[in-house]
Amino acid sequence: MTNPFGFESGDPGVMVSQQDALEFLEALPANSINMLITDPAYNGMNQHLQLGSGRIVGDYAERGNGQWFTEFDDSAENYHRLLTQIHRVLKDDSPLFLMFDPYSLLTLAPMIREFFDVKNLITWDKMMLGMGHHWRRRSEFAIYATKGKFKMARRDAPDIIRIKRIHRADYPTQKPVELFEAMIAACYGDTASKDIIICDPFMGSGSTAIAAIRQGCSFVGCDIADESIAMTLERAASVLEGDGDPGQPESLVNEYYQKEFWVDSRVI
């Protein structure tokens, strides 16, 4: 056994739990994760952008967003608990990517420096306009930070990742697999292996799990929603069997991005 999760075979391992994210992290062994990538279901925008009659995922008036999953409260107490557990489970000298919406960026980002060494703010250019008030959103952000020292495998990684967003996704706010593949490849490159454990405690549609598998890494993650667990397990089983990804059948990496960056065949 090479890790606390019992992934012994030659193929990447996958462990998925239906659980509250904070309780999941608190149950993980200390210093057991090589890399954490996650996009929590923040509720700050629903709390603050209760404007007009435009589309929004869920219902402003219902706590927890009503329609699809329980959100993660935009509060200092919640963020402190989350960062404490992420720091505990990450191994020394390991990377972290934590995605934000505009409101959580203002609340959570300053706290990260209390726990981690912040290295950069990564912009995901979705190349298509989304919803928005005053300014329609075409970008999302992730803070890249480390617990201790970490040397990235690639020196050509841009801080703007241009990958089309998924249009009419099967799961709300579903992220392209290639977005997370770019993060893993930038950090580990050819050194990625099944002994590298990627963690996502807010896994949603399971795109992080698929990215980990495609990059040759193992994955542990959780979500509280029935739909998330079912979709992640279906996608992971299909990809591990070599049958493709039913959750995202086509690549969303545009021609420009392929030519300029990520020429590693495992990324494109």
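The values are calculated or read from the model by the stated rules, or taken from the named source; none is laboratory data. For clarity, every value in this text was computed on a predicted model and none was experimentally measured. Using ideal geometry, Cβ is built from the backbone for each residue, glycine included, and neighbour counts are taken over all protein chains shown. Heavy atoms of the whole protein, side chains included, go into the accessibility calculation; ligands, DNA and RNA do not. Shrake-Rupley method; radii C 1.70, N 1.55, O 1.52, S 1.80 Å.
Approximating the spin labels as points 7 Å out from Cα along Cα→Cβ, the Arg81-to-Glu241 distance works out to 3.8 nm. Ligands, DNA and RNA excluded, the heavy atoms of Ser32 present near 0 Å² of accessible surface to a 1.4 Å solvent probe. Computed FRET efficiency, Cβ-Cβ of Asp73 and Ser251, R0 45 Å: what is it to the nearest 0.05? The calculated FRET efficiency here is 0.80.
With a Förster radius of 25 Å applied to the C-beta separation of Thr123 and Glu26, the computed FRET efficiency comes to 0.20.
Legend: residues Lys119, Lys149, sorted from most to least accessible area (1.4 Å probe; ligands, DNA and RNA excluded), read Lys149, Lys119. Around the amide H of Phe5, modelled in the peptide plane, lies no amide H under 5 Å away from a residue 5 or more places distant or on another chain.
Accessible area ranking (1.4 Å probe, heavy atoms, ligands and nucleic acids excluded), largest first, for Tyr188, Tyr79: Tyr188, Tyr79. Across the stretch 87-212, the convex hull enclosing all Cα atoms gives 116 Å³ per residue. With R₀ set to 41 Å, the beta-carbon distance separating Glu227 from Lys151 gives a calculated FRET efficiency near 0.60.
Ignoring lysines fewer than eight residues from Lys91 along the same chain, the ones with Cα atoms less than 19 angstrom from its Cα are Lys119, Lys147, Lys149, Lys151, Lys194.
Each residue of the stretch 223-237 is assigned a 3J(HN,Hα), and the resulting list reads 7, 8, 8, 4, 4, 5, 4, 4, 5, 4, 5, 5, 5, 4, 4 Hz, derived from the Karplus form 6.51 cos²θ - 1.76 cosθ + 1.60 (θ = phi - 60°), x at Gly and Pro. Rounded to the nearest 20, the size of the Cβ-charge dipole of the stretch 95-173 about its Cα centre is 280 debye, with Lys and Arg at +1 and Asp and Glu at -1.
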